[in-house]
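> I am attaching a structure below and will ask some questions about it afterwards.
The values are calculated or read from the model by the stated rules, or taken from the named source; none is laboratory data. Given the structure is predicted, the values throughout are model-derived calculations rather than measurements. As a convention, Cβ positions derive from the backbone with ideal geometry for all residues, glycine included, and neighbour counts pool all protein chains shown. Calculation scope for accessible area: heavy atoms of the full protein, side chains included, ligands and nucleic acids excluded. Shrake-Rupley method; radii C 1.70, N 1.55, O 1.52, S 1.80 Å.
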Amino acid sequence: GWQASMKSGSLFCILPCNRLPVQLMSQVRVYTSNGQKKDLGSEDKNVSTPEETVRKAGTGQDTSNADQKQSFLKEPIQVKVKAVLKKREYGPKYTQNNFITGVRAINEFCLKSSDLDQLRKIRRRSPHDDTETFTVYLRSDVEAKSLEVWGSPEALARERKRRKEAEIKYRENLFRNQRLLKEYREFFGNTKPRSSAAAMFFKGPGKVVMVAICINGLNFFFKLLAWVYTGSASMFSEAIHSLADTCNQALLALGISQSARTPDPSHPYGFTNMRYIASLISGVGIFMMGAGLSWYHGIMGLLHPHPIESLLWAYCILAGSLVSEGATLLVAINEIRRSARAKGLTFYQYVVQSRDPSTNVVLLEDAAAVLSVAVAATCMGLTSLTGNPYYDSVGSLGVGTLLGTVSAFLIYSNTEALLGRSIQPEQLQRLTELLESDPVVRAIHDVKATDMGMSKVRFKAEVDFDGRVVTRSYLEKQDIEQLLQEIQQVKTLEELEAFMLKHGENIIDTLGAEVDRLEKDLKQRNPDVRHVDLEIL
């Protein structure tokens, strides 16, 4: 078997195959960060010589082979030892160098704005698009100031608890503070103009919805009178259809007003999807109220037919309904054409992609209303000519089937929009090419562009940045002569560490500026891109 013996500064091994002794002797120097070295090989004086090793291994060896091996093993082995910086253990105290905004300092540490005036202010690159830089404070300074103001951590904790309880009480009594909230709204309205909810119903989709509500409400009233007078199943279906359209469009108006609300901490991306939710509920309402009742009344007419009175008034009301529904349909078509032209899409693409759910609902409801009026008038005419009430019941079933088809399309299109579908491949390709053509980008992976609704896109990608280009971009903004002087003054590890920490932080800031530039370029290339998330690989 193997036999081995170890000594300080030497290694002795005996191989079982030929019993040849092998001895390695080398001098090891251990370097420390202060430049000192220790000679470990010279400390051991009791190191066996090659001749003694041969005697221990046994006799009968070839002396010539032993001499060759001894001469070969006398050559020293050179070992290169790298001087490395000692790994620093970062404890909780290192987080005191973190930055904190003024709003967080006031809220989390119960301070006043006047307390922050005495602290050190640091200008940093702003993460917001509307400002280039903003002021932050050192967390250690804020913590020290809070202890100075409140005296002890226990007092600060009591104040935080008191403010939390006051906040909970305020939320519980929110409805009692409507006057105070109104004053806040008036104050913020003077400093930051907001779009009025009432103004939304005088242009665009809001105008289309309000016109449809008024016309469908009048149509429902007159169709209901005609059904009471004639007893026609088709006229009943038309009355139910107009009622369903009026209720659904009132729901759309509520969705439009809710979608205009500004984002809050609970909903950071806003309430734009309220239009899709209202349209989805509208589609379900059309199916249940419009199609369901029309089918029910048509089936009951087939099972229990009854004679129909004079249909003259019914024809007049249907004619007026055809004109009014046609006018609303033209308003919706013109609005969709204008919006599709602004987006560079065709009329069909704009409707199928459900870019504006409110206008789409009005368009489809009015188109279905015009067709249903034609179906109802045809079936009522056949009933008048033949005297057979079954035609009228068949017309009610036809109107219900038409409403069911429209509701199915609305449910499908709005569900797809709420699930978060991807943008068109051509648009995604243009955004990808913009990133890949930039010199600072080496590669991009896991690209996602999600349509959040109402022409708002969220773009996400993992980007492999070229560190050489980022560093060169940083060096282009520096004084090279001064930088060379700083390099020449570096003599020790401590000076090297300070030099690297200084310029390393600046290079990271340069990388952040490059990320901001890419995000701005993406938004300029596609104005629908509102939120950009670039993750660094």
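> If I ask for residues that are of a type in the set (A, V, I, L, M), surrounded by 13 or more Cβ atoms within 10 Å (Cβ to Cβ) and not in a helix (DSSP H, G or I), which ones from the range 505-537 would you list?
Val529, Val532, Leu534
> Now a separate question. In the range 264-295, what residues are open to solvent by 60 Å² or more (accessible area, probe 1.4 Å) and without any contact (Cβ under 8 Å) to a residue 12 or more places away in the chain?
Passing the criteria: Pro265, Ser266, His267, Pro268, Met288.
> Turning to a different aspect of this structure: Would you check if there is a residue in the range 160-170 being in the same structural domain as Ala105 (by the TED database), open to solvent by less than 70 Å² (accessible area, probe 1.4 Å), more than 18 Å from Asn107 (Cβ to Cβ) and at pLDDT 65 or above? Give the derivation first.
Narrowing the range 160-170 to residues in the same structural domain as Ala105 (by the TED database): 160-170.
Next, only the ones that are open to solvent by less than 70 Å² (accessible area, probe 1.4 Å) stay: 166.
Filter again for more than 18 Å from Asn107 (Cβ to Cβ), leaving none.
The answer is no; no qualifying residue exists.
> Also, I was wondering about something else. Restricting to the range 431-449, and then to whatever is surrounded by 14 or more Cβ atoms within 10 Å (Cβ to Cβ) and not aliphatic (A, V, I, L, M), can you tell me which residue is nearest to Asp464 (Cα to Cα)?
Arg442
> Here's a follow-up. Would you call Lys460 touching an Asp or Glu at 6+ places or on another chain (Cβ under 6 Å) and not small (Gly, Ala, Ser)?
So Lys460 passes the test.
> Having 1 or more residues that are modelled with pLDDT of 80 or more, open to solvent by 40 Å² or more (accessible area, probe 1.4 Å) and under 15 Å from Glu325 (Cα atoms) is the bar; report the helices (runs of 4 or more DSSP H) wholly within the range 176-263 that clear it.
So the answer is 204-230, 233-259.
> Select, from Ala367, Ala327, Ala332, the only residue that is buried (at least 21 other Cβ atoms within 10 Å of the Cβ), part of a helix (DSSP H, G or I) and within 49 Å of the chain's Cα centre (by Cα).
After ruling out the rest, the residue left standing is Ala332.
> Could you count how many residues in the range 330-358 are at pLDDT 85 or above and of a type in the set (Lys, Arg)?
3
> Restricting attention to the range 483-499, and to residues there that are among the charged types (D, E, K, R) and in a helix (DSSP H, G or I), which single residue is nearest to Ala461 (Cα to Cα)?
Glu497
> Name the one entry in Val373, Val362 that is in the same structural domain as Asn219 (by the TED database) and over 23 Å from Ala260 (Cα atoms).
Matching residue, one of Val373, Val362: Val373.
> Does Lys502 satisfy the criteria of being touching a Lys or Arg at 6+ places or on another chain (Cβ under 8 Å), part of a helix (DSSP H, G or I) and not aliphatic (A, V, I, L, M)?
No.
> Test each condition in (1) under 30 Å from His297 (Cα atoms); (2) of a type outside the set (A, V, I, L, M, F, W, C); (3) surrounded by fewer than 15 Cβ atoms within 10 Å (Cβ to Cβ) for Gly400 and report the one that comes out false.
(3)
> Step by step: first the residues of the range 414-427, then only those that are under 16 Å from the mean Cα position of the chain (by Cα) and under 28 Å from Phe465 (Cβ atoms), then the one that is surrounded by the most Cβ atoms within 10 Å (Cβ to Cβ). Which residue is that?
Step one: filter the range 414-427 for residues under 16 Å from the mean Cα position of the chain (by Cα), giving 417-423.
From what's left, under 28 Å from Phe465 (Cβ atoms): 420, 422-423.
Working: Gly420: 13, Ser422: 13, Ile423: 19.
Out of the qualifying residues, it is Ile423.
> Report yes if some residue within the range 312-322 is within 17 Å of Ser396 (Cβ to Cβ), open to solvent by 70 Å² or more (accessible area, probe 1.4 Å) and not small (Gly, Ala, Ser); otherwise report no.
Yes; the residues of the range 312-322 include at least one that is within 17 Å of Ser396 (Cβ to Cβ), open to solvent by 70 Å² or more (accessible area, probe 1.4 Å) and not small (Gly, Ala, Ser).
> Of the residues that sit in the range 450-482 and are among the charged types (D, E, K, R) and over 18 Å from the mean Cα position of the chain (by Cα), which one is least open to solvent (accessible area, probe 1.4 Å)?
By that ranking, first place goes to Asp466.
> Would you mind telling me which numbered condition in (1) within 30 Å of Trp295 (Cα to Cα); (2) of a type outside the set (A, V, I, L, M); (3) in the same structural domain as Asp516 (by the TED database) Tyr412 fails?
Every condition holds for Tyr412 apart from (3).
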